[in-house]
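> My questions will all concern the structure given below.
The values are calculated or read from the model by the stated rules, or taken from the named source; none is laboratory data. Note that the structure is a prediction, hence the values are computed from the model and not measured. Please note: Cβ atoms are built from the backbone with ideal geometry, for glycine as well, and neighbour counts cover all protein chains shown. Protein only, heavy atoms only, side chains kept; ligands, DNA and RNA dropped before computing areas. Shrake-Rupley method; radii C 1.70, N 1.55, O 1.52, S 1.80 Å.
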Amino acid sequence: MRRRHLLSLLPGAMAAPSLVAAQGGAQAGYPARPVRVIVPFPPGGTTDFIARLVSARLTTAFGQTFVVENRAGAGGTVGSDLVAKSQPDGQTLIVSNIASFGVAPAVYRNLPYNSVTDFAHVALMAEIPSVLAVNVSSPIRSLADFITAAKARPGLNVGSPGNGTSSHTKQAILQRSAGIETTHVPYRGSGPMMNDVAGGSLESMITTLVEAGRNERFRLLAVTADARVPGWPDLPTFKELGHPDLVASTWFGLSAAAGTPQAIVNRLNTEVLAALATPEITAKLIETGATPRRMTAPEYSAFVAAEVRRWAGVVQAAGISID
């Protein structure tokens, strides 16, 4: 099946992709004006897709526009720092994610924010497994073929959406687990990386199932899910192929600056969970390989803290560091 662009899966007609049209009745108090939803990656990727999907529903619920704004750079840390230093009034939100909130604290030596204490974490929205993929015409047809090729030719190229992203760390885990040496090729976002794999100039990549799963130009070799993913029954997991350390999801949530009034955090949490419970959004997430998640604000805060601890150990073992 030919993969549709992620934006085509969004509800309603969106004439301006960076703006979600205001709908619904007004609510007194919060929000007093349009709300910025910062996506710390380029347009068109998984983070952007989930942000627009949920923001459309929040616009309806609050009666104020939730404007999606892409602020890419440094593995998602540029946009994340912007929100950490914003006014704690709930008017500027961030799509918190595994890269800039879970992995970055361990990877970046001089990270300008603390992903646990500098944010009021609102809600986890979705989790998505990652896949190792090659061009559909590649002679590599399985994970075993990939490992054999990497052992025969150390330095086989593996792309990621950027230095310090979760794809980067998963490549390091795969190297250690399989006993191979590969060359990490970082990109500025997943779009250029996927174009190069599709064109044959990049040998392989690790990216989310949402981005690669329905694209007929790619062959998927293995997925980082704990069990086989519904809709992809023939796609094996790294775990079943003998690599249990590669069970890891890419996650996406919503956060505000630390100090945001708890009443605003709670209201946002309520509306995000309501959005995720709608059949339309649930179906669109599942169609792309994502799993909707429902957590209270305290549960999501604890989740982020646990992810920081987890990836600190992984990054230290892999020796990944960025100034």
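> Which one of A248, A225, A257, A198 is touching a residue at least 24 places away in the same chain (Cβ under 8 Å), in contact with a strand residue (DSSP E or B) (Cβ under 9 Å, 6 or more places away or on another chain), more than 26 Å from V136 (Cβ to Cβ) and of a type outside the set (D, E, K, R)?
Of A248, A225, A257, A198, the one residue that is touching a residue at least 24 places away in the same chain (Cβ under 8 Å), in contact with a strand residue (DSSP E or B) (Cβ under 9 Å, 6 or more places away or on another chain), more than 26 Å from V136 (Cβ to Cβ) and of a type outside the set (D, E, K, R) is A257.
> Now for a separate question. Can you name the residue in region 268-292 that is open to solvent by 60 Å² or more (accessible area, probe 1.4 Å) and touching a residue at least 40 places away in the same chain (Cβ under 8 Å) and is also nearest to the chain's Cα centre (by Cα) among such residues?
So the residue we want is T291.
> With the requirement that a residue be crowded, with 18+ Cβ neighbours inside 10 Å, of a type outside the set (S, T, Y) and over 9 Å from V122 (Cβ atoms), what does region 249-260 give you?
Result: W251, F252, A257.
> Please go through (1) in a helix (DSSP H, G or I); (2) free of Cβ contacts under 8 Å to residues at least 40 places away in the same chain for E240 and return the number of the only condition it doesn't satisfy.
Looking at each condition in turn, E240 falls short on (1).
> Looking at A263 and the list (1) part of a helix (DSSP H, G or I); (2) open to solvent by less than 20 Å² (accessible area, probe 1.4 Å); (3) not aromatic (F, W, Y), which single condition is not satisfied?
Among (1) part of a helix (DSSP H, G or I); (2) open to solvent by less than 20 Å² (accessible area, probe 1.4 Å); (3) not aromatic (F, W, Y), A263 violates only (2).
> In region 72-90, which residue that is of a type in the set (A, V, I, L, M, F, W, C) and over 13 Å from L111 (Cβ atoms) is least open to solvent (accessible area, probe 1.4 Å)?
Going through the qualifying residues, I end up with V83.
> Going through region 116-161 one residue at a time, which ones are within 30 Å of N269 (Cα to Cα), among the small types (G, A, S) and touching a Phe, Trp or Tyr at 6+ places or on another chain (Cβ under 9 Å)?
Of everything in region 116-161, those that are within 30 Å of N269 (Cα to Cα), among the small types (G, A, S) and touching a Phe, Trp or Tyr at 6+ places or on another chain (Cβ under 9 Å) turn out to be A123, A126.
> Also: Restricting to region 92-101, give me the number of residues that are part of a helix (DSSP H, G or I) and at pLDDT 95 or above.
1
> Continuing with the same structure: Can you list residue pairs whose Cβ atoms sit under 7 Å apart, with the first residue in region 304-323 being touching a residue at least 12 places away in the same chain (Cβ under 8 Å) and part of a loop (DSSP other than H, G, I, E, B) and the second being surrounded by 13 or more Cβ atoms within 10 Å (Cβ to Cβ) and of a type outside the set (V, I, T)? Count only pairs 6 or more apart in sequence or on different chains.
Short answer, once both residue conditions are applied: I320/H168; I320/A172.
> How many residues are touching a strand residue (DSSP E or B) at 6+ places or on another chain (Cβ under 9 Å), closer than 15 Å to L268 by Cα and in a helix (DSSP H, G or I) if we restrict to region 58-91?
3
> List every residue pair whose Cβ atoms lie under 6 Å apart, where the two residues are 6 or more positions apart in sequence or sit on different chains, the first residue falls within region 204-215 and is closer than 16 Å to A290 by Cα and acidic (D, E), and the second residue, located anywhere, is crowded, with 24+ Cβ neighbours inside 10 Å and modelled with pLDDT under 90.
If the second residue must be crowded, with 24+ Cβ neighbours inside 10 Å and modelled with pLDDT under 90, the pairs left are E211/T46; E211/S190.
> Working only within region 100-134, note down all residues that are closer than 20 Å to A317 by Cα, out of contact with any strand residue (DSSP E or B) (no Cβ under 6 Å at 6 or more places or on another chain) and open to solvent by less than 10 Å² (accessible area, probe 1.4 Å).
S100, F101, G102, V103, A104
> I'd like the residue in region 46-57 that is open to solvent by less than 10 Å² (accessible area, probe 1.4 Å) and among the small types (G, A, S) and, out of all such residues, is farthest from V265 (Cα to Cα).
The extreme case among them is A51.
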